[in-house]
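A short worksheet on the structure shown next.
We did not get these values from a lab; they are worked out from the coordinates using the rules stated. Predicted model, so just to flag it, every value in this text is computed and none were measured. Neighbour counts run over all protein chains shown; Cβ positions are idealised from the backbone, glycine included.
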Amino acid sequence: MANSMYPQALIRATLPLAILACLEVAPAHGYGLAQHLEQWGYGKLKGGSLYPALSKLEDAGFVTTSWTQGEKGPARRLYAITGAGHRHLEAQRSRLAELAQQLGALPVALATTG
């Protein structure tokens, strides 16, 4: 996770949701996901962070995989978001929005109670 715009702890915490957000647009191979996430400020993800996150998402039922034949090489896994993955993503987006709102209001709340 080199050259990211965000602190590593934030990247680790939000990576599964970012993966689901990518897959919400269209199914993708791991390399394509890594490229999208890099463009979103996640830096160059290594397989040691991306693929375990994908595996956990699959185990949770949020992602499905299928094999597609590569154009000039071996078959590759294609990842797609499931209905449960969509619902999970939407719920977590709401929770993140609430947290961001609370964090934004925190200085004001502290100033009025202090």
Could you size up the charge dipole of segment 8-113 around its Cα centre, putting +1 on the beta carbon of Lys and Arg and -1 on that of Asp and Glu, and report it in debye to the nearest 20?
-> 240 debye
Could you please tell me the mean projected area of the C-alpha convex hull for segment 8-113, averaged over all directions and given in square nanometres to one decimal?
-> 8.1 nm²
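Extension gain residue 9-residue 76, at 0.36 nm per residue separation less the Cα-Cα distance, in nm?
Value of the extension gain: 21.2 nm.
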Which helices, taking whole DSSP H runs in the chain, have alpha carbons extending 27 angstrom or more along the helix axis plus mean Kyte-Doolittle at least -1.0?
-> 83-113
Anisotropy class of segment 53-108 from Cα gyration tensor, a/c 1.5 cut | prolate
Length gain on complete extension for the stretch residue 101 to residue 40, per 0.36 nm per residue less the alpha carbon to alpha carbon distance?
-> 19.8 nm
